[in-house]
Amino acid sequence: MKTIEQKGMYQKFPRSGKDTRVTHYCAGCGHGIVNKLVAECCAEMGLQDNTIFVDPVGCGVFTYYYWDAAHISAAHGRASAAATGVCRARPDAVTIAYQGDGDLGAIGFNNAFQAASRGEKFGCIFINNSLYGMTGGQMAPTTLEGEKTTTTPFGRDPALTGHPLHVCEVFSQLQAPVYVARVSVADTKRIMQCKQAIKRLFEIQRDRKGYALLEILAPCPTNFGMNPLKAAEFCMNEMEAEFPLGVFRDAEKGVGGSRSCATEGGADAQERVPPVSATLAVKPVPRFSSCAELFGVPDGVDAPPAVDDPSVPERRFKFAGYGGQGILSLGICVAEAARLQKRHTLWFPSYGPEQRGGSASCSVVVSGMPIGSPTVEHPDVLVCMNQPSYERFVGDVKRGGIVIVDSTVPITKHPPEGVKLYQVPAIKMAEDFGVPKAANTMMLAALRAFKATGLDDEHLETALCASFKKKPQLVEKNRDLLHRAEAALAGA
Amino acid sequence: MTKFVKSNEAVVMGALYAGCDLYFGYPITPASEIAHGAAKWFPMLGRTFVQAECETASVNMMFGAAGAGKLCMTATSGPGFSLMQEGISYLAGAELPAVIVDINRAGPGLGNVYPEQSDYTPAVKGGGHGNYQTFTLAPASAQEMCDLTIKAFQMAAKWRTPAVVFADGLQGQMMENVTLPDEELPRPDFSDWAAQGEAKTRQNLVKSIFLDAAAQEVFNDHLQRKYEDMAADAMAETYLAADAELVIVAFGIASRVARTTAETLRRKGLKVGVFRPISLNPFPRERLAAAAKGRKIMTIELDAGQFADDVRLNLAKSGLGAEAANVMMIHRMGGQVVTVDDAVKAAKMILGK
Amino acid sequence: MSEEGNGVASHPEIEEDSCKGCGRCVAACPRKCLELKSTLNKMGVKPVGYVGEGCIGCGICFYNCPEPYALRVVKS
């Protein structure tokens, strides 16, 4: 004797504090038929321990009362986004999202579409009953032309509301999905096909093949305003005329095109179609075993932590010029030298659209004690490489401060009283030395020559060399340029 | 290991040391370096970086990953933070640990990319729907961007709550020394409630829905008790405040302006100190009351006064009605930062000097 | 589960109070051996009933039924 009975569901459903054996679905609802098949497939395939269902908002919201497996109940429209998080967090689990016309077709369409496009490793069951069930039978993106809903009381007019959204047809244009199909639960034959398709969805996830979408046409007798049998007929006749059933993509079986069809072993073993470009290719990611190993190497200079020294006064620097003149790296160079001297150090760039507009500036604060305000309103030292930056900042310099400006900048404005002005032919010297890009190194030479930083020459030089860490061939060249510039400045 | 890094990068380093396994994010200035760092370093440690299609997706991806029992994070700025509020409410409603970093830019609307603290209310009071709060920490240096990100993960896991690291555009961009931790934190075990795709978590259900009004109220009571208990982990610091006649109250980057202001005024012989809440929620109310009792109070802030109002509220709730009534504020908006000069002038005025 | 010939004829087992009376099983049954009853169940709907003979244990009624526990099928 054999019994055909429900598998994979809880025996009782504790909804609203009451134990019941019936679902919350209306009589003749397609969700109920699908819910039974999903539970049965999950159980028959032995996947209940490994499956994480991501539940929607909509008529499918209560599947967590029914399916005997772990559930995460997502926000409206976001089941595919949440499922992305789940399958990334638990790549060994089987992740199944369950969504309806509003959840997937409207509010969450882009989340579902982008997840499909990324080839997230979850299966998405999309119930298409051509309207919004839970909220009271409103128009959905999938509503048929002429179909009457509570928000299309005269029938859906394509001139005003467009045409029904064909989710499978759209998703099957994407490269990543390995399976896209549309089935129905309107009659016995279709229900059994649906079961096979749900099984396929689980298989694909169990074997970690990739993204799969299964659209299921389902009758909604309540909101169609029909008895369950007429609703099923509507589903077969009217809905299928708009939404033909079929497999749009099954990569393993060679149905439809897919660029990424995994054959075994999951993501890393995915067979990749050769890239379109001969020059652009994914590079292997260097791997590290721990944070200590990854971050254990200094990026710039290898400096010790700062040491408090109240005898060292705070000094604030502003570096300004045109993008490409090496203004930001000049600032970092001074900051790194300060770090080598165990000073508290802060570097701050101009950023955002002003940086993209061509001008560049940065601030550096160096102090013997922890630094308070990071902003440099009144610099002790101002280095300017072009006219606009000179005119903008020169008036702010502190009494007793220093301004170093490139000789190409006309002195249209005089610095405040008590501020020393040095005009340095940094751009010209760099050109004369045959390295036009090294104007910032010339400025560093000037900072050293005029004792403007309060930092040891040795540290400034070490910091300069460290700034060329990634281009070692430039280290000695710039060291040489620094010395030649200093000699030239001393002679001047 | 001490490194000279951008604060935004320090956030990523902190997250990795804290055991964060997944980063979900959508780029936005001035928070993008966090995504850049995560995109590079998470995969290098075998962890996961996903560039989401929008901030709504980011926060819901976190809902999924946190629901599946892993530590995860995102980073954004004002407009993206607004988009995430619904999802943060869901995280709170399902009691999921996750870390959201908000690098505040100027608003409202598109605003600009310069620093403000104007996201105060959503970052501190729970910006989405329903009775929820977040654990909100306000770093003031690159070191703290690392350390308080780690703290945020610890608090998120301890209290099963979304935690917010609340900083601003200026902080995000600046470079300072960061001394990295010696050890990575062990991964917390969430198997008693998370959906992990294993036999032992099969019966677990992650949800924020309580259809029954009575059950929803019981859950709300539970949340409120939890938020009261969180006060035990409130954090604050004071500077030169012991004998101060005027206490400047400020958080984040503004607290550094406050520090320089206090130093400047001390050099002129004026007794000025600083009280700085490090956690904005839970607000360190008792410590504020202790530092502020009988003193003159001035806030420095980069918003329209949301923080000053919160200071007044916390003083009033501590029984310091007179102090609350006399809280003065100096503030800038639009991406402008309060200058030390202006703060000094304001403090002198309050002190009648 | 056991071999045939144990004396039990194939038949549906109906949990009347879990049936919403949608009639999908009645329409789908290839042997037309299900019908909606004239009496009401606890929910106030007319549940499905077995006419008493003709069941071949195919399970089609079970798969058409949207309810998990309204009916199960015993196959001889």
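Throughout, read-outs are computed from the coordinates displayed, never taken from laboratory work. Bear in mind the structure is a predicted one, so any value in this text is a computation, not a measurement. Glycine also receives a Cβ, built like all others from the backbone with ideal geometry; neighbour counts cover every protein chain displayed.
With a Förster radius of 45 Å applied to the C-beta separation of A:Lys469 and B:Trp193, the computed FRET efficiency comes to 0.45.
Within the shell of other residues whose beta carbon sits under 11 angstrom from the beta carbon of A:Phe62, the net charge comes to +1, with Lys and Arg scored +1 and Asp and Glu -1. Legend: Rg and Dmax of the stretch B:255-353, from Cα coordinates, 13.0, 35 Å. Given an 8 Å cut-off on Cα distances and at least 6 residues of separation, report the relative contact order of the stretch A:296-491 as a percent. Rounded, it is 21 percent for the stretch A:296-491.
Cross-link pairs exceeding 25 Å in C-alpha to C-alpha distance, out of A:Lys7/C:Lys75; A:Lys469/B:Lys3; A:Lys420/B:Lys353; A:Lys230/C:Lys32; B:Lys40/B:Lys70, comprise A:Lys420/B:Lys353. Between A:Glu238 and B:Glu217, the modelled label-to-label distance comes to 4.4 nm, taking each label 7 Å out from Cα in the direction of the beta carbon. On the principal axes of its alpha carbon atoms, the stretch C:11-74 extends 29, 22, 18 Å, with the longest extent given first. Shielding by partners for peptide C:58-65, expressed as the average number of C-beta atoms from other protein chains within 10 Å of each residue's C-beta, is 6. When the alpha-carbon atoms of the protein assembly as shown are used, the pair Rg, Dmax equals 33.5, 118 angstrom. If we count every other residue with Cβ under 12 angstrom of A:Asp103's Cβ, Lys/Arg +1 and Asp/Glu -1, where does the sum land? That works out to -1. Near A:Leu421, the amide H atoms lying under 5 Å from its own belong to A:Val403; only residues 5 or more places off or on other chains count, and H is placed 1.01 Å from N. From the square roots a ≥ b ≥ c of the eigenvalues of the alpha-carbon gyration tensor of the stretch A:367-492, which class results: rounded (a/c under 1.5), prolate (a/b over b/c), or oblate? Here the stretch A:367-492 falls in the oblate category.
Comparing B:Val59, B:Val327, B:Val274 in a Gaussian network model of chain B (Cα springs below 10 Å), the most mobile by mean-square fluctuation is B:Val327. Of all DSSP bridge pairs formed entirely within the stretch A:148-258, close to 50 percent run antiparallel. For the Cα atoms of chain A, what angle does the longest principal axis make with the long axis of helix A:457-466, in degrees from 0 to 90, nearest 10? The angle comes out at about 30 degrees. For the pair A:Lys230 and B:Lys40, how long in nm is the line joining their label points, each one 7 Å along Cα→Cβ? Computed distance between label sites A:Lys230 and B:Lys40 equals 6.6 nm.
A Förster radius of 22 Å combined with the Cβ-Cβ distance from A:Lys199 to A:Glu5 puts the calculated FRET efficiency at roughly 0.75. The equivalent ellipsoid that matches the C-alpha gyration tensor of the stretch B:109-168 spans semi-axes of 20, 18, 7 angstrom, in descending order. Oblate is the label for the stretch A:396-467, because the ratio a/c of its alpha-carbon gyration tensor axes (a ≥ b ≥ c) is 1.5 or higher and a/b is not greater than b/c.
Taking every residue in A:203-216 and counting other chain Cβ atoms within 10 Å of its Cβ, the average works out to 0. Determine which lysines satisfy two conditions relative to A:Lys253: a Cα distance under 21 Å, and not lying fewer than 8 residues away in the same chain. Those lysines meeting the cut-off are A:Lys121, A:Lys195, A:Lys199, A:Lys209.
When the Gaussian network model of chain B links Cα atoms closer than 10 Å, the mean-square fluctuations of B:Ala66, B:Ala254, B:Ala232 top out at B:Ala232.
With the simple spin-label model, which puts each label point 7 Å out from Cα in the Cβ direction, the C:Glu13 to A:Thr151 separation comes to 4.6 nm. Each Cα pair under 8 Å and six or more residues apart adds its separation to the average, and for chain A the resulting relative contact order is 9 percent. The mean count of C-beta atoms from other chains within 10 Å of the C-beta of residues in A:279-291, rounded to a whole number, is 3.
Rounded to two decimals, what ratio of Rg to Rh does the stretch B:5-122 give with C-alpha atoms and a Kirkwood Rh? Result: Rg/Rh = 0.95. Extension gain, A:Asp92-A:Ala492: 0.36 nm per intervening residue step, less the Cα-Cα distance, totals 136.9 nm. The Rg/Rh ratio of the stretch A:269-345, with Rg taken over Cα atoms and Rh as the Kirkwood radius over Cα pairs, comes to 1.22. Arranged from fewest to most other beta-carbon atoms within 10 Å of their beta carbon, B:Asp192, B:Asp309 become B:Asp192, B:Asp309. Compared with the dominant principal axis of the Cα atoms in chain B, helix B:142-159 is inclined by about 50°. Amide H to amide H, with H built 1.01 Å from N, A:Thr51 comes under 5 Å of A:Ala70, A:Val94, counting only residues 5 or more places away or on other chains.
Panel values: the stretch A:4-272, Kirkwood radius from alpha carbon pairs, Stokes-Einstein at 25 °C and 0.890 mPa s, translational diffusion coefficient 134 µm²/s. The Cα-based radius of gyration and maximum Cα-Cα distance (Dmax) for chain B are 20.2, 71 Å. The phi-based Karplus calculation (6.51 cos²θ - 1.76 cosθ + 1.60; θ = phi - 60°) puts the 3J(HN,Hα) values of the stretch B:212-219 at 7, 4, 5, 5, 5, 5, 4, 5 Hz, whole numbers, x for Gly and Pro.
Between helix B:252-267 and chain B there is an angle of about 20 degrees, using the helix long axis and the longest principal axis of the Cα atoms.
For A:Met443, neighbours were defined as the other residues whose beta-carbon sits under 12 Å from its Cβ, and their charges (Lys and Arg +1, Asp and Glu -1) total -1. With the cut-off at under 16 Å, measuring from each backbone N in the stretch A:61-84 to a point 7 Å along the Cα-to-Cβ line of A:Arg15 picks out A:61-68. Couplings 3J(HN,Hα) for the stretch B:96-105, derived from phi with the Karplus relation 6.51 cos²θ - 1.76 cosθ + 1.60 (θ = phi - 60°), are 9, x, 6, 10, 10, 9, 10, 9, 4, 10 Hz, where x marks Gly and Pro. Percent of alpha carbon pairs in the stretch A:273-423 separated by more than 27 Å? Every Cα pair in the stretch A:273-423 considered, those over 27 Å come to 39 percent. Rounded to the nearest Hz, the phi-derived 3J(HN,Hα) couplings of the stretch B:343-349 under the Karplus curve 6.51 cos²θ - 1.76 cosθ + 1.60 (θ = phi - 60°) are 5, 4, 4, 5, 5, 4, 4, where x marks glycine and proline. Counting pairs of Cα atoms in chain A, how many percent are more than 33 Å apart? Tail of the P(r) past 33 Å holds 57 percent of the pairs.
Amide hydrogen proximity for A:Asn128: with H placed 1.01 Å from N in the peptide plane, the residues at 5 or more positions away or on another chain lying under 5 Å are A:Ile216, A:Leu217, A:Ala218. Relative protection proxy for B:72-80, B:172-180, B:335-343, B:216-224, from highest mean packing down: B:72-80, B:172-180, B:335-343, B:216-224 (other beta-carbon atoms within 10 angstrom). Entry note, chain A: the mean residue ellipticity at 222 nm calculated from DSSP H runs of n ≥ 4, each adding -39500 (n - 2.57), is -9000 deg cm²/dmol after division by the residues and rounding to the nearest 500.
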